[in-house]
Structures are given as structure tokens and as C-alpha cells.
Amino acid sequence: MRRPLHRRALDVQVFARDDGLFDVEASLTDTKTHDVPLAGQPRRAGEPIHHMRLLLTVDPQLTITAATSETLWMPYAGACDEHGDAYVRLVGLNLMKGFRQAVHERLGGTRGCTHLTELCSVLPTAVLQAMAGSVIDTREGDAAGNPPFQLDRCHALRRDGATVAQFYPRWRIGAPKAELTPGLPPEGVEELGSGPSLFEASAEPATSES
């Protein structure tokens, strides 16, 4: 038998604007199933311990053109939300080019809020999902001749594997014949280099809960 104690919910929504830009609304909410004392006051079951939001605008190249934050529920009212809108420092960063490392440098530790900074870490892949197949071509690659960004980023889409051979044959590199899907020609597919990465891969140092 077990009983629920805590829930953290992350939500990211992306909206296309008429001016060609995109609004990103991300939120983090923590709730508990039992009352807890917090800053000298009881926080009732189901009431948020944390509810923070990041509000961004990005261009089609995924560069942030506007940024702000909101702290709606917090442990320490008048303290947690007094960071001078530090998250305007996200402006100018590109979600797919060193974003997580740049966030840590600008907003890590006491320069920002633990939970808002942590929320930043989910933005690259979440916004990328919104753009994939419409703003970003996931079939033909980019104008420089590089393959679609998602190839060679996980085990299923390794370019010498069966999935790429079946669904992205143009971008397959030499694979053992045993891995190829039956019925696909094993020869005659041009081998291409992987090219520069569009996908953010920097790791964030661990942060403590507060």
C-alpha cells in the first residue's frame, strides 16, 4: 500500500503570434496532500507550495526577445518574489545554443529563484516540440545540408540504426545489414556527416530544493 505525498506539475504552452513571433508560457506548481507549516502559517493540503511562471517571446530561430516571470504562490511572501525580475536576463539567449549553461551563469544560485531557474531547463526541448514539423523541418534538414536535428540524439534515431533506415533513408549512414528493415535496399544510400549540432546538450549542476 502507498499514499501520495507530493506532486510537482510542469506545464509549457507555446502560441504562434500574428507578427511571426512565439509566446512561451511555462509554469511549475508544487502541492502536497497534507497540511504543512510554512513560514509560521499552515499551508493547507492542495494549496500550492510553489507556483511560478516564466513568460517568454521567441523568434523563429528560437532566440528570446522578451522575458519576465511571476511568482504566484511561494513559501516566503515578500522574499521569494523579490528578485527584481531577474529573468529578463534571458533576453538574447538562444534556446538551442548553450542555453542551459548561460542560464546557470546568469541566474544560478542566489542570482535567481531555484525553481524558476530549474523551469528554464525544460524549455529547449518543449519549445522545439512546438516548432518541429512546422517552423523547423524534421524531414529534409537545414539549408546547409545538415540532417534533421533529431537524428543521432537518442538511441532510436541513431543514423546507423533501423529506424532511420526506414523513415529517413536519405540520412542513413552505413549500418549492419542485419539492422535494416526487410525490403529496404541495403546499398546506394549516400553517407553524410552529422554536421554541427542544433540540440542543446549542456548539463546543469544539481540544485537543492527550497
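Values in this text are rule-based calculations from the coordinates and carry no lab data. Just so it is clear, the model here is predicted, and its values are computed rather than measured. Glycine gets a Cβ as well: all are built from the backbone with ideal geometry, and neighbour counts include every protein chain shown.
For residue 88 and residue 8, what is the calculated FRET efficiency with R₀ set at 30 Å and r taken between the beta-carbons, to the nearest 0.05?
0.75
Test of the criteria: in segment 1-32, which trypsin sites (Lys or Arg not before Pro) are in a DSSP loop and have at most 12 other Cβ atoms within 10 angstrom of their Cβ?
Passing sites in segment 1-32 are 2, 17.
Which one, 34, 9, 63, projects farthest toward the positive side of the charge dipole computed for segment 1-158 from Cβ point charges (K/R +1, D/E -1)?
34
Measuring from label point to label point, each 7 Å out along Cα→Cβ, what is the residue 122 to residue 68 span in nm?
2.3 nm
In µm²/s, what is D for segment 3-62 at 10 °C and 1.306 mPa s, where D = kT/(6 pi eta Rh) by Stokes-Einstein and Rh is the Kirkwood radius from Cα pairs?
Estimated diffusion coefficient is 117 µm²/s.
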